[in-house]
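As structure tokens, the structure follows; a few thoughts come after it.
What follows is calculated from the coordinates using simple rules that are stated; it is not laboratory data. Everything quoted here is computed from the prediction, not taken from an experiment. Cβ atoms come from the backbone with ideal geometry, glycine included; neighbour counts cover every protein chain shown.
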There are 4 protein chains.
Amino acid sequence: MKLNESDIQGQLDRRKPGQSKLTTPRKEQDLVKILSGTEANLTLGTPICLVVQNQDFKPADYANMLDIPRPSHADYTYQKKYGIRSSSGGGRSSARETIGRVAAGAVAEKWLYEKYGIEIIAYVSGIGQIQIPTETEALLKQSMLKRSDVDQNLVRCPDEKTAELMVHEIEAALNDQDSVGGIITCVCRNIPAGIGEPVFDKLEAMLAHAMLSIPATKGFEIGSGFDGTKVKGSQHNDMFTSKTSSSDKKLGTKTNNSGGIQGGISNGEPVIFRVAFKPPATIGKTQETCTFDGEECLLNAKGRHDPCVVPRAVPIVEAMAALVLVDQILIQQSRVNS
Amino acid sequence: MKLNESDIQGQLDRRKPGQSKLTTPRKEQDLVKILSGTEANLTLGTPICLVVQNQDFKPADYANMLDIPRPSHADYTYQKKYGIRSSSGGGRSSARETIGRVAAGAVAEKWLYEKYGIEIIAYVSGIGQIQIPTETEALLKQSMLKRSDVDQNLVRCPDEKTAELMVHEIEAALNDQDSVGGIITCVCRNIPAGIGEPVFDKLEAMLAHAMLSIPATKGFEIGSGFDGTKVKGSQHNDMFTSKTSSSDKKLGTKTNNSGGIQGGISNGEPVIFRVAFKPPATIGKTQETCTFDGEECLLNAKGRHDPCVVPRAVPIVEAMAALVLVDQILIQQSRVNS
Amino acid sequence: MKLNESDIQGQLDRRKPGQSKLTTPRKEQDLVKILSGTEANLTLGTPICLVVQNQDFKPADYANMLDIPRPSHADYTYQKKYGIRSSSGGGRSSARETIGRVAAGAVAEKWLYEKYGIEIIAYVSGIGQIQIPTETEALLKQSMLKRSDVDQNLVRCPDEKTAELMVHEIEAALNDQDSVGGIITCVCRNIPAGIGEPVFDKLEAMLAHAMLSIPATKGFEIGSGFDGTKVKGSQHNDMFTSKTSSSDKKLGTKTNNSGGIQGGISNGEPVIFRVAFKPPATIGKTQETCTFDGEECLLNAKGRHDPCVVPRAVPIVEAMAALVLVDQILIQQSRVNS
Amino acid sequence: MKLNESDIQGQLDRRKPGQSKLTTPRKEQDLVKILSGTEANLTLGTPICLVVQNQDFKPADYANMLDIPRPSHADYTYQKKYGIRSSSGGGRSSARETIGRVAAGAVAEKWLYEKYGIEIIAYVSGIGQIQIPTETEALLKQSMLKRSDVDQNLVRCPDEKTAELMVHEIEAALNDQDSVGGIITCVCRNIPAGIGEPVFDKLEAMLAHAMLSIPATKGFEIGSGFDGTKVKGSQHNDMFTSKTSSSDKKLGTKTNNSGGIQGGISNGEPVIFRVAFKPPATIGKTQETCTFDGEECLLNAKGRHDPCVVPRAVPIVEAMAALVLVDQILIQQSRVNS
């Protein structure tokens, strides 16, 4: 496969900090370099090593937090797990680790698109109390939405009216030295039928695993999700219908409550899922908590963090989806060929 | 560890079909037998083989469905994946496979309880439109709920008033030859802090993987879940407070929006999550679908299925939670000891 | 793939005890039954479960060994590892576990032969001091040796003269209440070029892993093996030559010191390796050893064991080779298809 | 654990090219840098990233080999596997990849020594036709051999007389533009009893896998190895004897034909194995081979290679042994603690 840095840089740019007034002022160029695995812009089949160097790093910002575990951060749990923790910036628990996911995901996406025409489009469907209206989102899921549509505003919400409300929601949190969460919807089109394993590694299980491994995530829904628990089977079932084209004899479904997966295996319809992100734990507001020794105290965090990570998490969700799909498709390819 | 069949049979009985008027009339004794791995009721450290024999099996029930893929079932996707499918009862995609999960989970649970005092209690918190009221459920999560409390009614909902409404909801579906979904909440108490891996195998990611591998599941939430996306960080953050006892110096949190996990690692608070189940796909009602060849047709399913699987899924959720916890605890033990 | 019990039983019969005067008198029918994964003699793509029931089992034979760890057996190490051990017959460390390997290997072999024409032929090349002469073995490796050739005598050595000497070697050990080891050579023909992974999972590494997991093995050689360390590079290098046929353009090598693998990857020449088996640890002769408590003692073992396991190990070596090859070929198939 | 670069550099220096007249003149400093996973020279429990930059690299040396697959190299098999290959220096198949193994192994070794006192000492026991005499090697295996003893001569053979003959053997090959192979013996002391898994992942199987993954290896023997096939069981069995010390009640064995492993599990005696290395494939001598197109041709290789890699492979064998041991010990720790 042809591959060079420019195939990867685009998604890193969508993830990087400092993109707008709504995100952390921390500055990073986040330039990727391919160290190995290609020659003359062609992949060699051997492992590909990608490197992104950190640049803007201010450990002093974290100095006053050495004795106080930050609420809803990983300071306390890392200390309990390892008996030690990195003194600055969260170390391994920093969401900065997601840069590797996005870089690898960009390689996976390129392959998925070239081989199968698979398109993975995520967008922000909720910020705090603001949600895309249900009927609008139903249309969005069926549309041929592109990333350029998603990127038309700072919050990556393809419904312009909702986007404006979301910007206000984030600005309000920012002004209040507070933070706000949100929801990302992801639509994966053109996945061939037959992907995913039947029991423990169902396609939705692998996606759920991948999404809940992203920092700050609290929930995952495939297809109808939690709302699907409230309707009767006769409404929820996706009736089959012929979708045979000249080149391919196949069935489709009239509705897609299944989210493109039945029995753990893709059915050829778009795979659609949603991911919940909590509000970032680091806020400017004073917090009443306690020290590692159990002494009550007030915490005033400095650091440079986002009032809302959801718009920047869009390429992370896309990357993790791509990595799951490429793994599952390779597994299925070993079978098809036999 | 001491182990015999009676340690396992209890959970199998909670899962087995034919328990009440609300479930499938299909009858199975589901008696488990330990084939290997123990001697004189003691585990030997080597693999434990458990067997449950099928008894009540009527392939003829499925005969008329050979040409029609059942809507929202796995017939079509198995055919696409493997180029062949089992002609009766769903084969590998039958939820009957969960019997192995429950049997293995019972062994895991016993070990978790004996070594760490870990208790895993799941219950039904929603059936169709009926939900346990929010305040009631908040109290339930903090209570010392037991399985005997959960089993006091047919739907395994520990709030008696809600349970009655749920029974009606299921009966209505049954009378209507339809089906209904629901939600299971699971509370895991006494998990030591430090369990779960920091990046890809976060504890919530492993739980999400396990839960979405259960047939008919559509969603997973840890702690505050999707609702947690709607509040500000200052409300969502779990402030630390000393919970030191005479035997153990440790911190706890005043609230538990994190669901007992921070940075992918348990913090010592109860691990709490919710799982969404869709309404069963097999219904008595006539369905307008098409054959494998794309011909429109009407499907009248016979078979013997549940109008609602959620009460029977309670021990399955508990089993999968136990299996995840035992894996993650063993991984952490290899580290602690070093 | 078509599959029924008769595809598997043949190799089990070659492994089973009681085949001749040279092996243990322990009697087992070792009849295999397919429990799941097929329908109407066709594999369904889902896991295949095979069962072989034990029949002839005399725990009393092992009673006097409860306090004495048998020399060069696993009694002591299991006790140290697990803090407990099975009281009879070795439990999990009994070579009886290899029946599962042979059964699974027979399924793998069938697939390898049908898809690629791969033939896996192992034979006994050494028993105790007796070895097939070097020049004879060089010819054997290049011949189109079949399993029927190998099975023409009790020791499974395709060189008749050597076989006679081997029979005497085993009989002498038997008469002496002693035991004897040996060497198995395995030739795998028609493996396509490109199988095996480049770094940690080189094809020879996977084969070595598999072979050294067989009970009683002490060594593994690929191609020239230890003798290859003694010659110069100019003699050892396998020069390329065109082996293009009408259907396939390819290179071969004039010699095969590489054993069909270069850089961890198959080159299309036969994959040839050798496996060393120690003399069985259970012997009738009195042994001066000590009890678990460190008290010196004499051990007179009863039980029913083989003076030489090597002829019966031939199908085990073939099975493990087949399992490695099928895994590696499936991995490569996922790549080729892409 | 305390860790800095100096803990790792020593083994890299033993592996690096250009150490003496007997090795490739290719020069590399091979300086290691710790990128992540430590702070203030303490490991954090999170992954450790080590980097060694390449410096002396002359792709032009390989230019004339583009059309000719080097005999007994991986050029042909990589082309067949991936449909493409790196144009210079072997790419992924270059033994330069072993630098990562040695660096990681040094970290593993430090932990093994600090926690268990485990010492891993490999040495060269054969070069071409020259072998350490049997009785001398028997004494060496029982001695408290140190790495400083091994490093007293250029060939890393702790028997001085044999070492001199080995130097001549290598010089003769060098003068002849040829190459020569050899054998490395590795002794691992103070491994606690109970390490290794009972069936597929026996300790010797994991070691065999690891050793055969090292470039240019052709064979592996544990304990008595291939010679063990030639003796009777009564001679081969390792009789138990009390080796209880004041601090630890345990058994040992009078002989060690088992190589420290019984039933796949360590017994507390030294784990001893041997690894065969073929003569390097790159030689100065003209070779009669053919091009990728099957045309007969003469190959005159340039490049800069070793006439014998065995002395430099000593730290590689040690590193791979350390990596296997640390994995298996962590697995056992998860069990012991439970």
Taking C:Gln177 in one copy and the same position in all the others, each labelled 7 Å out along Cα→Cβ, what are the pairwise distances from the first, in nm, shortest first? 6.5, 7.9, 8.9
Going down the table (B:Lys146/B:Lys218; A:Lys2/A:Lys33; B:Lys146/B:Lys249), which pairs top 18 Å between alpha carbons? B:Lys146/B:Lys218; B:Lys146/B:Lys249
What is the distance, in nm, between label points placed 7 Å from the Cα along the Cα-to-Cβ direction at A:Lys254 and at C:Lys33? 4.6
Can you bin every Cα-Cα distance in the protein assembly as shown into 10 Å intervals starting at zero and give me the percent of pairs per bin, rounded to whole numbers? 2, 8, 15, 20, 21, 18, 11, 5, 1, 0
Counting only other chains, and only Cβ atoms inside 10 Å, what mean value do you get across the residues of A:176-187? 3
Zone of D:Gln177 (label point 7 Å along Cα→Cβ, backbone N under 13 Å): which residues in the stretch C:217-241? C:234
Per DSSP, loop GluC sites (Glu not before Pro) in the stretch C:294-325 with at most 15 further Cβ within 10 Å: C:Glu295
With the Cα gyration tensor of the stretch D:221-338 in hand, convert its eigenvalues to equivalent ellipsoid semi-axes via √(5λ) and list them largest first in whole Å. 44, 20, 13
Lys, Arg +1 and Asp, Glu -1 on Cβ, resulting dipole of chain A about Cα centre, debye, nearest 20: 580
C-alpha center-to-center spacing [the stretch B:116-134, the stretch C:214-292] in angstrom: 59
What ranking, highest mean first, results for peptides C:42-50, B:47-55 when packing means the other Cβ atoms within 10 Å averaged over each residue? C:42-50, B:47-55
Among the stretch C:126-170, those whose backbone N falls under 17 Å of a label point 7 Å along Cα→Cβ from C:Tyr113 are C:144-152
If packing is taken as the mean number of other Cβ atoms within 10 Å per residue, what is the order of A:70-83, A:149-162, highest first? A:70-83, A:149-162
Let me have the 222 nm mean residue ellipticity of chain A computed from DSSP H runs of 4+ only, each contributing -39500 (n - 2.57), with the sum over all residues rounded to the nearest 500. -10000 deg cm²/dmol
Do me a favour and compute the ellipsoid semi-axes for the stretch C:86-228 from its Cα gyration tensor, root of five times each eigenvalue, largest one first, whole Å. 26, 22, 16
Could you list, in their original order, any pairs among B:Lys80/B:Lys285; A:Lys21/A:Lys81; C:Lys161/D:Lys141 whose Cα atoms are separated by more than 32 Å? A:Lys21/A:Lys81; C:Lys161/D:Lys141
Pairs of alpha-carbon atoms within less than 8 angstrom and 6+ residues apart define the contacts here; what relative contact order does the stretch A:59-218 have, in percent? 22
Filtered hits (aspartates and glutamates, Cα-Cα < 15 Å from D:Lys243, offset >= 8 within chain) -> C:Asp293, C:Glu295, C:Glu296, D:Glu269
Taking each residue of A:264-274 in turn, how many C-beta atoms of other protein chains fall within 10 Å of its C-beta, and what is the average? 3
For the pair A:Lys161 and B:Asp293, how long in nm is the line joining their label points, each one 7 Å along Cα→Cβ? 4.8
Equivalent ellipsoid dimensions for the stretch B:167-212 as semi-axes, Å, which come from the Cα gyration tensor, largest first: 37, 13, 4
Counting only other chains, and only Cβ atoms inside 10 Å, what mean value do you get across the residues of D:197-207? 6
Using only the Cα atoms of the stretch C:145-299, what are the Rg and Dmax in Å? 20.5, 72
Please name which of B:Ala95, B:Val107, B:Gln79 has its Cα lying farthest along the dipole of the stretch B:69-126 towards the positive end, using unit charges on Cβ (Lys, Arg +1; Asp, Glu -1) and the Cα centre as origin. B:Gln79
